[in-house]
Amino acid sequence: MKLAKIELSRDDIHKRLGGGIPYGSIILIEGEESTGKSVIAQRLTYGFLQNAHSVTYISTQLTTLEFVKQMMSLNYNINKKLLSGILLYIPVYPLIADNLHREDFLRKIMETREFYEKDVIIYDSLSSLIINDASEVKVNDLVAFFKRIAAMDKIIIYTVNPKELPESILTMLRTAATMVLKTETYTFGGNIKNILKVEKYNLARGPYQKTMVFRVEPKLGIAVEISSVA
């Protein structure tokens, strides 16, 4: 099984995640608002791009300009990747904002072939995208579709806010994933800390760290703290 490298010289997240992400993975990044789901997705995106993997990134939160600025603030410069087409960025926030009651996003996800031409496909966030269309039957179809795409040596990543979906839907999304990452925050010494927990990693190729404490630094990106080793 091939590994998609996510290595950057500035951090060792690739080592903490088993040396890379196996092709064929379906990854759920789950956490409540402002716990670090998106920044983890952005770090993975930049890691993939810097290691010669192509990415489709579908965002329900940021316009293209906002995404570029966000990535630059973390020193994740993706301008050339966007211009060359190695990174396909799809902002759907305006569409959702103008069509709060549309119920055809799941169908559009599965019918838009251009999304799946890249090595990695990231939905940030999937729960916002399907919140008005999340019946068990439709989500089951979506999960089956993701599995077919992943079987073609692709990597599917989706972020989810558990407060936006019923527990039955969350269970389906967790079960379908080969890797489940959960983001949380806690207060220590008056400072807010971010935690990334690896709750499931079925296809791991090497040893991985189950819990990481991290912070987000301007011009640096994600910095994993030593305290996470304990």
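The values are calculated or read from the model by the stated rules, or taken from the named source; none is laboratory data. Computed from a predicted structure; not experimentally measured. All Cβ positions, even for glycine, are placed from backbone atoms using ideal geometry, and neighbour counts span all protein chains on display. Accessible surface is based on the protein model in full, side chains and every heavy atom, while ligands, DNA and RNA are left aside. Shrake-Rupley method; radii C 1.70, N 1.55, O 1.52, S 1.80 Å.
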Can you say whether Asp104 is open to solvent by 20 Å² or more (accessible area, probe 1.4 Å), farther than 24 Å from Lys163 by Cβ and either over 14 Å from the mean Cα position of the chain (by Cα) or of a type outside the set (Gly, Ala, Ser) (or both), as far as the supplied structure shows? no
Which helices (runs of 4 or more DSSP H) does the stretch 29-85 wholly contain that include 3 or more residues that are surrounded by fewer than 20 Cβ atoms within 10 Å (Cβ to Cβ) and either without any contact (Cβ under 8 Å) to a residue 40 or more places away in the chain or touching a Gly at 6+ places or on another chain (Cβ under 9 Å) (or both)? 64-73, 79-84
